[in-house]
Ligand code: AMP
């Protein structure tokens, strides 16, 4: 299955995507994760991306399109993949369509995870992750057993640099200006589904499963 997960920052795309990908045995391809790794490794692409990410803006289309072009042609993506956080502009969606047409395939589902703005700020600013094992939690909604410590491996939990309140607000502004217009691009398609991203993780997961069926 070839899937796209859309939705505003903080909607829960990454968390839900992880579970869906484990179940379907397909890779989760997150442009955000790939860019964060590039920033951490100090590559040329990372240096270019960092300034946009820290400002709550988008990394230039040609950079993320290049990442996806290479990544979806790797062997582990032959049977399908889930794109988490890509495309984020109409130009990216058009480039993806063109690439898929060349490869002779298309998307099975485009899923929009819908959550209202006022809830998103609280979700974003409370997120914490463990750099050692990738475990994630939320200081209010799903707190760790011991403050600041990963439940899974005991590592120190950190907050993503762009989850500060000021940057989170800017990311939402960016989403409405540049990514929300994509909904119109995909809405007319057969495979498009909008899923309410509010409720427990399990409730949202069940809705997603129904949308994928
Ligand atoms: P995410 O982890 O998906 O929230 O992405 C974190 C940041 O990476 C975003 O705020 C953007 O700065 C950048 N980014 C991730 N995916 C894209 C994309 N498809 N297009 C442009 N910028 C992106």
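Readers should treat all values here as calculations from the given coordinates under stated rules, not as data from a laboratory. Nothing here was measured: the structure is a model prediction, and the numbers come from that model. All Cβ positions, even for glycine, are placed from backbone atoms using ideal geometry, and neighbour counts span all protein chains on display.
With respect to the numbered conditions (1) surrounded by 19 or more Cβ atoms within 10 Å (Cβ to Cβ); (2) within 23 Å of residue 19 (Cα to Cα), which one is the sole condition not fulfilled by residue 71?
(1)
Tell me, which residue of the range 182-199 that is part of a helix (DSSP H, G or I) and touching a residue at least 40 places away in the same chain (Cβ under 8 Å) is nearest to residue 107 (Cα to Cα)?
So, considering only residues that are part of a helix (DSSP H, G or I) and touching a residue at least 40 places away in the same chain (Cβ under 8 Å), the one nearest to residue 107 (Cα to Cα) is 186.
Looking only at the range 173-184, which residues are crowded, with 18+ Cβ neighbours inside 10 Å and either more than 14 Å from the ligand (Cβ to nearest atom) or within 20 Å of residue 118 (Cα to Cα) (or both)?
Matches in the range 173-184: 174, 175, 179.
So how many residues does the range 51-86 have that are more than 9 Å from the ligand (Cβ to nearest atom), out of contact with any strand residue (DSSP E or B) (no Cβ under 9 Å at 6 or more places or on another chain) and either assigned to a helix (DSSP H, G or I) or under 23 Å from residue 167 (Cα atoms) (or both)?
Qualifying residue count for the region: 7.
Please enumerate the residues belonging to the range 1-45 that are in a helix (DSSP H, G or I), buried (at least 16 other Cβ atoms within 10 Å of the Cβ) and within 11 Å of the ligand (Cβ to nearest atom).
13, 14, 17, 31, 32, 34, 35, 36, 38, 39
Which of the residues that make up the range 140-160 are assigned to a loop (DSSP other than H, G, I, E, B) and within 16 Å of the ligand (Cβ to nearest atom)?
159, 160
Yes or no: the range 161-179 includes at least one residue that is farther than 21 Å from residue 39 by Cβ and part of a loop (DSSP other than H, G, I, E, B).
no
Could we say that residue 168 is in contact with a helix residue (DSSP H, G or I) (Cβ under 9 Å, 6 or more places away or on another chain) and either under 23 Å from residue 24 (Cα atoms) or in contact (Cβ under 8 Å) with a residue 60 or more places away in the chain (or both) here?
For residue 168, the condition - in contact with a helix residue (DSSP H, G or I) (Cβ under 9 Å, 6 or more places away or on another chain) and either under 23 Å from residue 24 (Cα atoms) or in contact (Cβ under 8 Å) with a residue 60 or more places away in the chain (or both) - is met.
Out of 80, 57, report the one residue that is more than 17 Å from residue 3 (Cα to Cα) and touching a helix residue (DSSP H, G or I) at 6+ places or on another chain (Cβ under 8 Å).
None of the other options fit; the residue is 57.
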